[in-house]
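Taking it in order: structure first as structure tokens, then the write-up.
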Amino acid sequence: MFPTSPSWIANAVVYQIFPDRFRRSRRLSDTQNLTFQDWDMPPLPHSFYGGDLYGVIEKLNYLEKFGINCIYLNPIFSSAANHRYHTYDYFQVDPILGGNSALEDLIDAIHRRGMRIILDGVFNHCGRGFWAFHHLLENGASSPYRDWFCVHKWPLSPYTSCAEDAGYSCWWNDPALPKFNHNHPHVREYLLSVATYWIERGIDGWRLDVPDEVPSDFWVEFRRKVKDMNPNTWLIGEIWGDARKWLNGDQFDGVMNYRIGWSSLSWTGGNNLNKSYINAEYPIKELNGNNFLDILSTTLEWYSEEVNYSHLNLLDSHDVPRALHTLENDIAAFKLALFLLFLQPGTPCIYYGSEACLSGGKEPACREPFPWDKPWKTDLRKFINSLVELRKQIPYKCLDKISWEAIEKDGLNGYLTYQNESLAKPIKYISVFINRSRTSWLPFPSDSLKNIFLYGGVDWKNNRLAPQSFIFLKDASFMKGQEN
């Protein structure tokens, strides 16, 4: 790996879990005497299903078997929201999830397997129930915590609508989410103590929520504190677009690389995309091969080599419709997109339930409960595991050196060559061909490369790749003994 990036991310395959919807353990459900939404019901904005951290522990073997070795959890700290972005105590894991002891057990269980864990850090805003804000609501301008928040009008109106002025700055004008005043030294001290507290207790990284709304100098100090404690901590910013100003080595290691996600889906889906979700930072639109490769190359050119290998690459998440929803439930197109995901520099991330082909739409539908006791449309675990194993066969530092070109109307060719001065022309060591067409075969040149990974069909006699298929060929002598 590179000198200043966490060494372990070179081999990481991340699985994002929305804790309330992954698995409800009997350990808690039989003892807490709480009332939860029926697990089989579709998600509603305020419904709690009772998923907990012991449920995650129960399924670590399941995840490990198909190649997952890192867990990214959406927020787990005490909150009055099922997604827990409305934090009211940053030092306490929500009791519905099992409390601090459950996280301690989860960290131990994960590390015993050689796996890693990343937590979601929400340091831009808190919930209305946060202790300092509660004090402000009770005491008004007399509260000693009045400068922890950006108040511009008294009295405060914490339960007004988003269209009205609550009297204080809040995230996207939502009065349930008061913004911290990061210019206040005690606010900074508090938030930085949260970051280091959980690093001390063994977490391996932070995914940082809406960091573009927090002053950059806070993140500079945040990085210094965390990296001084553990240089191998992975810091991932939730920046959906151009993140260059956050990635100069003084703030984040990488970002959630949504550009890989929406562009891959937009190309593999072609003219069969669900375009109902409107988001300028996640634009679903049909792309031809050259369009897709322009986005890919632009994204790679924005950043240094080290940064490109430090991103968290994803197709979907809790904030956007599931990939299969965008692809109109075309599982073959989804497999093509997953294949592209695993061939990019950076760390691939699988959103929970993707292996079961969940296909929920925009929030909250994309946060549906995992169907443990229901038949799945298709089981993609073996397919995902095959991509994990394929990725191991490519020298890690070569992933950003694969050259891509559009071929025919619906094809892509990726190739890696080796130039030796003693040879008249470069030797090709990797060839990848992808055919997104649902009806047409894609011609590809005959090649002497071997060790084939094939999804779909191929006509070897005429060197044609079947519709919605891909093939990976490599030179065994080049791959043998290469370091990751």
The percentage of Cα-Cα pairs in the stretch 2-114 separated by more than 18 Å is 52
Local net charge near Leu34, Cβ-Cβ under 14 Å (Lys/Arg +1, Asp/Glu -1)
-2
By count of other Cβ within 10 Å, fewest leading, how are Cys349, Cys70, Cys162 ordered?
Cys162, Cys70, Cys349
With +1 on each Lys and Arg Cβ and -1 on each Asp and Glu Cβ, and nothing else charged, work out how big the dipole of the chain is about its Cα centre, in Debye to the nearest 20.
1300
Under the Karplus relation with 6.51, -1.76 and 1.60 and θ = phi - 60°, whole-Hz ³J(HN,Hα) for the stretch 451-461, x at Gly and Pro, equal 6, 7, 10, 10, 10, x, x, 9, 9, 5, 4
Would you calculate the separation in nanometres between label points at Cys150 and Trp131, each defined as 7 Å from the Cα along the Cα-to-beta-carbon direction?
2.6
Relative to the present Cα-Cα distance, how much length would full extension add between Thr31 and Tyr159 at 0.36 nm per residue of separation?
42.8 nm
Using the Karplus equation 6.51 cos²θ - 1.76 cosθ + 1.60 (θ = phi - 60°), what ³J(HN,Hα) coupling, rounded to whole Hz, does each residue of the stretch 205-221 give in order, writing x for Gly and Pro?
x, 10, 9, 9, 6, 5, x, 5, 9, 10, x, 4, 5, 5, 5, 4, 5
Would the stretch 182-235 count as rounded, prolate or oblate if I go by the C-alpha gyration tensor, calling it rounded below 1.5 in a/c and otherwise prolate when a/b exceeds b/c, oblate otherwise?
prolate
Efficiency by 1/(1 + (r/R0)^6): what FRET value for Trp376 and Glu305, r their Cβ-Cβ distance, R0 = 35 Å, to the nearest 0.05?
0.35
Quick one: which of 204-217, 363-376 comes out on top by average Cβ neighbours within 10 Å, and what's the full order, highest first?
204-217, 363-376
Can you give me the long-range amide H partners of Gln37? Hydrogens built in the peptide plane at 1.01 Å from N, cutoff under 5 Å, separation of 5 or more residues or another chain.
Phe48, Tyr49
Which listed pairs, of Lys401/Lys461; Lys65/Lys392; Lys397/Lys461; Lys362/Lys401; Lys227/Lys392, have C-alpha distances above 23 Å, in listed order:
Lys401/Lys461; Lys397/Lys461; Lys362/Lys401; Lys227/Lys392
Return the distance in nm (one decimal) between the two label points of a simple spin-label model at Thr4 and Trp460, each offset 7 Å from Cα along Cα→Cβ.
5.0
Taking 0.36 nm per residue of separation between Asn139 and Arg244 and subtracting their Cα-Cα distance, the length gained on full extension comes to 33.6 nm
Per residue, how big is the convex hull around the C-alpha atoms of the stretch 295-422? Give it to me in cubic angstrom, could you?
140
Going by the alpha-carbon gyration tensor, a ≥ b ≥ c the square roots of its eigenvalues, is the stretch 212-270 rounded (a/c under 1.5) or, if a/c is not under 1.5, prolate (a/b greater than b/c) versus oblate?
prolate
For Asn435, what is the net charge nearby, where nearby means another residue's Cβ is under 11 Å from its Cβ and Lys, Arg count +1, Asp, Glu -1?
+2
Under 5 Å between amide hydrogens, which residues at least 5 positions from Asp89 or on another chain qualify, with H placed 1.01 Å from N in the peptide plane?
Ser78
Karplus-derived HN-Hα couplings along the stretch 114-130 (A = 6.51, B = -1.76, C = 1.60, θ = phi - 60°), whole Hz, x at Gly and Pro:
x, 9, 10, 9, 10, 9, 8, x, 10, 10, 7, 8, 10, x, 4, x, 4
Counting other beta carbons within 10 Å of each Cβ, put Ser469, Ser297, Ser25, Ser310 in order, fewest first.
Ser297, Ser25, Ser469, Ser310
Cβ under 12 Å from Ser169's Cβ, Ser169 left aside: what net charge do those residues give with Lys, Arg +1 and Asp, Glu -1?
-1
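Every number in this text was worked out from the coordinates using simple rules, so none of it is lab data. Treat the numbers as computed from the prediction; the structure is a model and nothing was measured. Here the Cβ is made from the backbone with ideal geometry for all residues, glycine too, and neighbour counts use every protein chain on show.
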